[in-house]
Structures are given as C-alpha cells and as structure tokens.
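Worksheet: one structure, shown below.
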Amino acid sequence: MQTSLPAAVAVPESPLPSMAPVFRAPNTLRSLGRAMRIILLMAVVISLLVNPQALHSVQAFAITYAYTVMYSTGLWLTNGYVVEWLNRRYAWTTQPLRRLLLTLAVSLGGSVLVIVLMNAVLLLLLNKPLAQLWSADVYWQILVPLIITVIISLFNHSRAFFLQWREAAVRAERLEKETAVARLDSLRRQVDPHFLFNSLNALTSLVEENDPPRAVRFIRQLSQVYRYVLDSESQELVPLADEVRFAENYLALQKTRLGDALAVDMQLPPAALHAFFVPPLALQLLLENVIKHNTAFQADPLRVAVTLDAAAHTLTVRNTRRPRRLAPGESSGQGLKNLSARYAFLTDKPVAIGEEAGEFVVTLPLLVI
C-alpha cells in the first residue's frame, strides 16, 4: 500500500489539463451532473496512474480516489465558476487591468487554498501531523502543482480574453454597419421628395397668404430639421432633450401642413429629459411613421401621445390606428427594423412594438451614460 505524501500530492498534474477546457461554470443541473460524471470517471484513471499499487488494496484505492476527486473538484470550482463570475462582472474588453489583477488573485489564492486544504485532508487520513504541511518536502509538492495550475489557468484566461475581444470586435463592426445603414436610411427619408414637396407647398401657402412671420418661422424650423439631421449623422447617441426639440420642430412643420388634423400630446417633463439618451432620429422616425401610415382629417384628428416613464427608463409613442394605403415606393418598411437592430447593439432591452385597445404603441428604452 503506497500512501506516501509525495505520490498523493502529484494527483492534480493530470486532471487540470483535461478538465479545464471542458468545464466552464455549468448553468444547469444537467451540465453539473455531466461534469461530475467526467470528474469521477477521470479520477479512476488518474488514481491508477499515480498509485498503481492501489489495485491490490481497496482501502488504498479508496483513499487515492477520494483525494483525486476532492482535489479535481476543488480546482475545477475555483478555476471554473469563479472565472465565469469574473467574465460576467469584469469583462476583459471593458476593465482589462482590474480583470487581470482579480484573475491573478483568484487563480493563485484559490488554487493555493485548494492545494493546501487537500494536502491537509490527506495528512489527516494518513494520521500524520498537520505540521508536515510546512515541511520542505511538502513545500515542493505544493509548489509544483501550483505552477501547473497557474500555467493552465493563464492559458484558459488568455483564451477567454481573446474570445471576448473577438466578440467585441465583431459586435462593433456589426453595430457600425447597422448604424451606417440606419443613418443613410434616415437621411434618405428626410430628403425624400415627398417631404420636400409637402414642406415647400406649405411654405408657398404661407407666402401666398401674406403671412411673413409664419413663413420665416417655417423656414427656420425647416433649416433646424436638416441641421439636426446633418449634425447627428456621425453620432451613435444623442441627448433625449435634443431629440425632443428636433421632434417639436418636425411636428411644427407637419402641423403647418396638416393643421388641426394632427393632434400631438407630448407629456415630457423638461427636467427629466437630460438624464437620458437615444439613437438619433429615433423619436422622429416613430412620429413620421404615424403620419405616413394613418389618415388624418380636420373633423377627426389623428391623435398622437408621447409619454416618458423616468422610473422605467422608457419613452412611449401611441397613436390612434387608422391605416391608409400607401403609394408604391412610399415606404420601405425598414424603419422600425433598423431602429430595433440599432438598439440591439446598445442595450439588452428591446424596442416594444404592439397594439393596445385600437392604438399602435411603440416603446423605446432610454439609455443612461
């Protein structure tokens, strides 16, 4: 029966390389059970490799096997669950220095703790004094597996770092592409001939009515609309207060054309706007969709309500649903899809689109920087 301390302490050298890539913080009982089955199976092989004479004694094999299972499970938990917890709390791409320091602390501290604890358990099983933990012979038996553990942990952490970095690069590229498409679509919609034609017709009516003050105000609002479109073209987010002012200018142009056929109620406390951000032209896109896709009459106005829920960080646009037939080519149907795609890269909260009591309702998540 070979149960000397050096042979037993050598156990962790084999399980770590095999198990480290396999176990990465299972999230379900099924994956946990699968991991434990692999550990138990590998522990049999490792026990026979490090102590082949244990085949001649059930007690010797039981001690070696139990020690191997405890050792492997402890190191797996330390370098598996904790690493995944670090991945969720401190991503390599956002906090690299803090993540590096925490990784070193967790890998070294956790591994040392597991190694010392397992050796202490082995000494107790062998009825030997715990003072041997600090002897020179045991020192090297702790240092060698610790070095192996650190090397393997650094490999796994490096792999996680490059995977997260690659994922972030891919997401950034996709976000840039989606944003570019959305910007081009927004710019195209703003310089759409229908919009220009309607705006110029409204301006012509004001001139013919000999109403210079309103005509001047209309021209200024029209210039502010296009100025905002050009200024926000290169931005991923804009303050909600700026977006609301732009939407008010846009609605003023539409009111000049539609008059009382358009009734808009914007319940937006100015003090609550400054804390939030949205993608540029997000609110205007929703208002444009309302006007484009619904009929509006002087006797029966098209009603639109814009509300802010500061506690829930949402902006909701709802309108009476009165669909009208659109001319071919007047609508591409991509506006809401592009907006939802842009939000998907900025937050995990989706754009909510649906109907409630005969109203079409769109809720935008508000972002906080």
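The values are calculated or read from the model by the stated rules, or taken from the named source; none is laboratory data. Bear in mind that the values here come from a model prediction, so they are computed numbers and not experimental data. No Cβ is skipped: glycine too gets one built from the backbone with ideal geometry, and neighbour counts run over all protein chains shown. Areas reflect the complete protein model, heavy atoms only, side chains present, ligands, DNA and RNA absent. Shrake-Rupley method; radii C 1.70, N 1.55, O 1.52, S 1.80 Å.
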Item to complete: Evaluate E = 1/(1 + (r/R0)^6) for I353 and S234, where r is the Cβ-Cβ distance and R0 equals 30 Å; express this FRET efficiency to the nearest 0.05.
Response: 0.65
Worksheet entry | Apportionment of accessible area to carbon and sulfur, region 210-339, percent (1.4 Å) | 52
Discussion item. Under 5 Å between amide hydrogens, which residues at least 5 positions from L262 or on another chain qualify, with H placed 1.01 Å from N in the peptide plane?
Written reply: L302
Response to the item:
Dividing the alpha-carbon radius of gyration of region 254-299 by 2.2 N^0.38 Å, where N counts its residues, gives 1.41
Worksheet item: Quick one: Karplus J couplings for region 201-207, per residue in order, coefficients 6.51, -1.76, 1.60, θ = phi - 60°, nearest Hz, x for Gly and Pro?
Response: 5, 5, 5, 4, 4, 5, 5
Discussion item. Sort R257, R34 by heavy-atom solvent-accessible area, probe 1.4 angstrom, most to least.
Written reply: R34, R257
Worksheet item: From the phi of every residue in region 37-45, what ³J(HN,Hα) in whole Hz does the Karplus formula 6.51 cos²θ - 1.76 cosθ + 1.60 yield, where θ is phi - 60° and glycine or proline is x?
Response: 5, 5, 4, 4, 5, 5, 4, 4, 5
Discussion item. Can you report the principal axis dimensions of region 242-323 using only the alpha carbons, biggest first, rounded to whole angstrom?
Written reply: 38, 22, 19
